[in-house]
1. Hey, fewest Cβ within 10 Å first, where do ILE294, ILE179 land in order?
2. Using R₀ = 25 Å, calculate the FRET efficiency as 1/(1 + (r/R₀)^6) where r is the Cβ-Cβ separation of SER202 and ASN42; round to 0.05.
3. Evaluate 2.2 N^0.38 Å with N set to the residue count of the stretch 102-157, then give the Cα radius of gyration divided by it.
4. Take the residue pairs LYS182/LYS303; LYS66/LYS144; LYS119/LYS353 and return only those whose Cα atoms are more than 27 Å apart.
5. Compute the length gained on full extension between THR190 and GLU295: take 0.36 nm times their separation in residues and subtract their Cα-Cα distance, giving the result in nm to one decimal.
6. Which order do peptides 349-358, 273-282 fall in by mean Cβ count within 10 Å, highest first?
7. May I ask you to list, by number, the DSSP H helices of the chain whose Cα span along the axis is at least 15 Å and whose average Kyte-Doolittle hydropathy reaches 0.0 or more?
8. From the residues ILE142, LEU115, PHE102, which one has its Cα farthest along the dipole of the chain in the positive direction, the dipole being from +1 and -1 charges on Cβ of Lys/Arg and Asp/Glu about the Cα centre?
Amino acid sequence: MATWDKDQAMFIGLLDKYSQLDQLKSFSGPDTIELTSAGDGNLNDVIRAKKSGQSIIFKRAPPYIKCLGPEYPLEPSRGQTEYDALCVFSELALASVPRPYFYDHESRTICMEDLVTYKDFRKQLISGICCMEAVEKLARDIGKVHNQTHVAKISERSFSEYKSKFQDTELVKLTEQYIFTKPFDKFDSTNKLSDDITSSLSQLYDNPRVLDVANDMKHIFLTKKECLVHGDLHTGSVMVNGADTKIIDLEFAYIGPAALDIGLLLANYIFSYYGHMSIPEDHDRHRKFAQLMIEACKVTVNKYLEEMTSFVGEQQTYQDKLLSEMAGFAGCELIRRVVGAAPVEDLHSPYSKQDALGAGVRLLLGRHNITTVDKLLVIALMLV
Ligand code: ADP
Ligand code: SR1
Ligand code: MG
């Protein structure tokens, strides 16, 4: 694992600068701190700093897309959005995110609580570990934030304030490109079209209806301004500790459609479903876990809707549309993780990739007939 020892002086300087913060008191002084990598994300460096048995996290943004390389520039001030979103989430949904300590403009570094006892949710799901209370809490936390920032719920003035704080940053453009555009262009050079999915690609690239619906979803993503959304809510953006969850990686936050976060999350439970269904060894155990992922999707939508009670127009019509949009966003996420630049580890076998791609295509084609989570699952997973 990488170390950041060459950056000692810089981090010690930062801790000195913010030493008036209570949470950082034990880090002040000139002594060295131990710096190690806390994890591997697609975009940023996440660094754990330890001193006298205490630890904190620094998150620093390189001026490019880390997983693609320096030839793909990306605005490094994205940490400001993440810090602002951390503050709003921790206020509106108590204990939903790591506690934010500071954002330092000059060095473009966020400092936050170290979730040292928590684990990457995606990795837990891959290992076959999932606590339904955690699924429920996650859905409720997202519901709380959406509900309390919703255009139909808060004053025009408060909504405008959120809109000016969370503008469409370069990260929104990145999602537009890497979820809604590039994966649907078979000639795009950033796509990762592995040989084991070649035979499945025609259902995507040779069906103009699929490409049209993906384009509709892009339009909704860019224009529907409903509430503050996380913007990149895959299972790697969540850390778990038993029944508790923390949402991380909020740099994509913006004012967007309420359906986006839950749509992405459902797709990620479906990755786990297909990942486990395609493991031949110990099949009964993996099948059982896959069934739990179906339950996770249902619990997610139901608990989310218990919290997210805001609506525009007539309530049932609004909710039907919300579910249909969730299906569309889930479809785009399912497809982009199979063919696009940022794959997921859950899909480890040719079958699981082909199945996820098929589910994505079916959700896009069927999205206008989907108004419940049960129907979404029947169509995605071809349940009978
Ligand atoms: P990126 O923006 O590059 O995707 P993430 O915010 O997703 O980075 O973080 C990458 C990894 O770093 C996470 O998967 C997790 O393992 C670790 N990590 C991030 N934030 C924290 C935190 N507050 N406490 C402990 N580990 C963290
Ligand atoms: C090049 S796309 C990188 C991806 O990583 C982030 O976590 C987002 O999901 C983004 O789409
Ligand atoms: Mg991440």
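No value in this document is a laboratory result; all are computed from the given coordinates. The structure displayed is predicted, hence computed values, not measured ones. Here the Cβ is made from the backbone with ideal geometry for all residues, glycine too, and neighbour counts use every protein chain on show.
1. ILE294, ILE179
2. Between SER202 and ASN42 the formula returns 0.30.
3. Working it through for the stretch 102-157, the quotient is 1.65.
4. Numbers: LYS182/LYS303 33 Å; LYS66/LYS144 32 Å; LYS119/LYS353 25 Å.
Where the Cα-Cα span goes over 27 Å, the pairs concerned are LYS182/LYS303; LYS66/LYS144.
5. On the way: separation 105, 0.36 × 105 = 37.80 nm, distance 3.41 nm.
The THR190-GLU295 span can extend by a further 34.4 nm.
6. Result, highest mean first: 349-358, 273-282.
7. Flagged H segments are 208-223, 259-277, 350-366.
8. Most positive-ward Cα: ILE142.
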